[in-house]
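Contents: one structure, followed by commentary.
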Amino acid sequence: ALRSMLDNDITAQLAGLLKHADWQVRQTAVSAIGKSADKTVAPSIRELLGDKSDLVRGAAASALGELGDNEAIPFLKALMDDNELVPRAGAGIALVHLGAKDLVPPRVVDDIKQILPLCVGDWAARIRSALKPLGPDGDNK
């Protein structure tokens, strides 16, 4: 019970950083919240899908997938048309984690493959796990 209270308190503090002026603070906060499993913050994270920073948009998309926020699917689908690679890839990864791999077009699979060499550790593992259900050529089979 104490751990749960501490986790909720930490998540609440991180949620307060989602509107911080520094994009790096927003990105770090949203990434940490994604690992928290606290879906109550999902609406605030959805707002970050429109952030001016492409890295924040990508991290927000990924976090929504980690949180299991199925309500985010229409927003993530819309993010597939983003002008930047990172948000598109983040949305694709999130959709796979949400069980909506059929919504990920081949061009976004290519985006996901492009960012894989830039990632290490936990991020690389998440990307690899998202690519597996998409098939070897990203054909969703």
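Under 7 Å by Cβ, and 6 or more places apart or on different chains, what pairs join a residue from segment 96-116 that is closer than 11 Å to Leu134 by Cα with one that is open to solvent by 20 Å² or more (accessible area, probe 1.4 Å) and of a type in the set (S, T, N, Q)?
Lys101/Asn140; Asp102/Asn140; Val104/Asn140
Among the residues of segment 8-39, count how many are open to solvent by 40 Å² or more (accessible area, probe 1.4 Å), assigned to a loop (DSSP other than H, G, I, E, B) and under 17 Å from Arg57 (Cβ atoms).
Of the residues in that region, 5 qualify.
Among (1) buried (at least 22 other Cβ atoms within 10 Å of the Cβ); (2) modelled with pLDDT under 95; (3) within 13 Å of the chain's Cα centre (by Cα); (4) farther than 27 Å from Ala12 by Cβ, where does Asp111 come up short?
Every listed condition holds for Asp111 apart from (3).
Got a sec? Which helices (runs of 4 or more DSSP H) wholly within segment 40-126 have at least 3 residues that are closer than 18 Å to Leu18 by Cα and of a type outside the set (A, V, I, L, M, F, W, C)?
42-47, 54-67
The values are calculated or read from the model by the stated rules, or taken from the named source; none is laboratory data. Please read these numbers as outputs of a predicted model, since none were measured by experiment. Don't worry about glycine lacking a Cβ; one is built from the backbone with ideal geometry, like all the others, and counts go over all protein chains shown. These accessible areas exclude ligands, DNA and RNA; they are computed on the full protein's heavy atoms, side chains included. Shrake-Rupley method; radii C 1.70, N 1.55, O 1.52, S 1.80 Å.
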